[in-house]
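Scroll down for the structure; my scribbles are underneath it.
The values are calculated or read from the model by the stated rules, or taken from the named source; none is laboratory data. Quantities reported herein were computed from a predicted structural model and do not represent experimental measurements. Glycine gets a Cβ as well: all are built from the backbone with ideal geometry, and neighbour counts include every protein chain shown. These area figures cover heavy atoms from the full protein model, side chains too; ligands, DNA and RNA do not enter into them. Shrake-Rupley method; radii C 1.70, N 1.55, O 1.52, S 1.80 Å.
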Amino acid sequence: SNILNEIDNDMRSNKRMFRLLQGDVGSGKTIVSLISALNVIKSGYQVALMVPTEILAKQHYNFATKFFRENIKIELLTGKTEYSIRKKIIENIKLNKTNLIIGTHALFQKDVTFKKLGLVIIDEQHKFGVKQRINLSNKGGRNCDILLMSATPIPRTLVLSIYGDMDVSRLIE
């Protein structure tokens, strides 16, 4: 699709991608974001997918594990993750043994450090504060690309006032 091309071109360019992917529930935003994630992972970088609730994180995790049949290491990290498991996950992220990490705001915590974070995907981004979003992308450094997904149409003027220079893709199908 041309949206995938837009995202792909953004990620190849030297400037940081900051794109909002807008589309109704069921329009395929998650699939588009996972295909984009695959390109990043194949380039040796990590991807973080952040969602507002634990239920949504689990749904995305289950979907992603079915979607990626190949050898991609996916982890789920939420506030409910058991301490011993959490420690191991954090270790794997730090060592770049994890390609895709799906979770809630637990991904923001100071002890979560990425070896090579290349893309942050944020689902239903209006539920997160602007500061939090910036915190997560900062874990990837200045070149970390950001893809926001929202089912809620956000007026262009509001997008500009909140996010500044951001590209918007609308999924119609």
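Tabulated results
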item: Residue count for region 59-105, restricted to those that are touching a Ser or Thr at 6+ places or on another chain (Cβ under 8 Å) and open to solvent by 30 Å² or more (accessible area, probe 1.4 Å); result: 4
item: Residue satisfying condition, being open to solvent by 40 Å² or more (accessible area, probe 1.4 Å) and polar (S, T, N, Q), within set Ser13, Ser36; result: Ser13
item: Selection within region 107-135 - modelled with pLDDT of 75 or more, exposed (fewer than 14 other Cβ atoms within 10 Å of the Cβ) and part of a helix (DSSP H, G or I); result: none
item: The listed residue being touching a residue at least 12 places away in the same chain (Cβ under 8 Å) and basic (Lys, Arg), out of Lys58, Lys66; result: Lys58
item: Close pairs from region 29-52: first at pLDDT 90 or above, partner among the aromatic types (Phe, Trp, Tyr) and assigned to a helix (DSSP H, G or I), Cβ under 6 Å, at least 6 apart; result: Leu34/Phe67
item: Residues being modelled with pLDDT of 75 or more and not in a strand (DSSP E or B) - total across region 143-170; result: 3
item: Some residue of region 18-30 being assigned to a helix (DSSP H, G or I) and farther than 26 Å from Met166 by Cβ; result: no
